[in-house]
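What follows is one structure encoded as structure tokens, with my remarks underneath.
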Amino acid sequence: MAAEATPARMEDRKVDEGAEGAESSSDSEPAAGAPLDPTALSGSGAAAAAKKKKKKKKKKKGGAGGAGGAGAGPSGVPAVQTDPPTVPVARLFAKRSEYPAGECVEYSGANAFRTTSEEKRLLEQTSCESWIQDMRLGAEVHRQVRRNAQSKIRPGMSLTDIALLCEDTARLLIGENGLNAGLAFPCGVSINHCAAHYTPNGGDTTVLNSGDVMKVDFGVHINGRVIDSAWTWCDDPAKQPLLDAVRAATNAGIRAAGVDALLPEIGASIQEVMESYEVEINGKTHPVLCVKNLYGHSIEPYRIHAGKSVPLWAHGPQDRMAEGEVFAIETFGSTGRGKVVEDMECSHYMRDFDMQNPVLRTSAAKKLLAHIT
């Protein structure tokens, strides 16, 4: 990247040297008409028509996934997903209101009224109805892409092939359409001591081996509403407690989240669960530690890191979650020091929203910025 391209912030690969690492994360989620076949001609009418210049029929435009519209075809009947999945997920549902809601966690304690009050539930539904279906569609796309990848990833595959498997499937199922729908960021395939942000650059020949712990992290968006989620692959049963730890810690963080929740208290809930686990590898018992300098984060439209950070331990400013905000609860467990450093090549670039009217001196830098924005 050219030095002049200051508006792009680099996301280096995060490495916890000498450690195995696992990750888990979760978000706190068009009508496609087929062209009609030409009318069949027969008898003398067909012969006469054959002499005339045939006019090409215009194809009916299928609504892109980014439009967020109802997905059933012209017959009004939802499509059926293929195996492997290739049909845009929006076409699997007759209307937007049918997109799966996913798992809903009820409020408790002082915030229980947000669940029990019918008036409050209605107000919340009204306040988010303009965008919640976009997120639910994106979440269903992520689930289907993830399920397909989990069924196909095997030792011996290159990391490039794994990343492309996820990205290519996501592009199909999201109905990629410019800034209206598409990938939210490059697919990360980070192995063992590399905790996050490893996407193979051109020429990378790294291969997944049996026993590796690989964090697969990819995102999709509909109209800028980002779904950022990850899971961990490992075929070694001995390391399963590490995977169990991050899953349980993520769920604990989700339960602790909500309007007015203090971010350090969410971190404390994550740490308490994560560090109750241990894993035995090659006869040695390792405590599972939270990676203390990686965080979950708030998300805004078209902005993956929106300013607030969710720690993995009782640490940081006393910020609270506010009504209408969206967060990714991300947890990283490690058998090493529980701290990452920036290392290796850079493959992620992100727009710096605070930089206004940057001065770029080279055409390459200008082209890069134009591509990012």
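The values are calculated or read from the model by the stated rules, or taken from the named source; none is laboratory data. The shown structure was predicted, so the numbers you read here are calculated from the model rather than taken from an experiment. Here the Cβ positions follow ideal geometry from the backbone for every residue, glycine too, while neighbour counts run over all protein chains shown. Just so you know, the surface numbers come from the protein's heavy atoms only, side chains and all, with ligands and any DNA or RNA stripped out. Shrake-Rupley method; radii C 1.70, N 1.55, O 1.52, S 1.80 Å.
Quick rundown of the values:
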item: Over 26 Å (Cα to Cα) - which of Lys152/Lys284; Lys308/Lys339; Lys120/Lys292; Lys152/Lys239 fall in this group; result: Lys152/Lys284; Lys120/Lys292
item: Gain upon complete extension [Ala322, Asp244; 0.36 nm per residue less C-alpha separation]; result: 25.1 nm
item: Sequence ranges 188-197, 262-271, 311-320, 326-335, ranked by mean other-Cβ count within 10 angstrom, highest first; result: 326-335, 188-197, 262-271, 311-320
item: Cα gyration tensor category, rounded, prolate or oblate, for the stretch 135-234 with a/c compared to 1.5; result: prolate
item: Apportionment of accessible area to carbon and sulfur, the stretch 327-373, percent (1.4 Å); result: 48 percent
item: Calculated on alpha-carbon atoms, Rg and Dmax of the stretch 263-373 in Å; result: 18.4, 57
item: Gyration tensor verdict on the stretch 189-335 (Cα atoms; rounded if a/c is under 1.5, prolate if a/b is larger than b/c, oblate otherwise); result: oblate
item: Cα centroid separation - the stretch 271-308 against the stretch 114-130, whole Å; result: 31 Å
item: Cα-based radius of gyration of the stretch 70-143 once divided by 2.2 N^0.38 Å, which approximates compact folds; result: 1.39
item: Accessible area of Lys366 in the full protein assembly, 1.4 Å probe (Å², nearest 10); result: 110 Å²
item: Protein accessible area in the stretch 136-246, 1.4 Å probe - carbon and sulfur %; result: 49 percent
item: Rg/Rg_globular for the stretch 235-320, with Rg_globular taken as 2.2 N^0.38 Å and Rg from C-alpha atoms; result: 1.22
item: Prolate/oblate/rounded label for the stretch 211-285 (Cα gyration tensor, a/c 1.5); result: oblate
item: Probe 1.4 Å, accessible area per residue of the stretch 228-373, Å²; result: 52 Å²
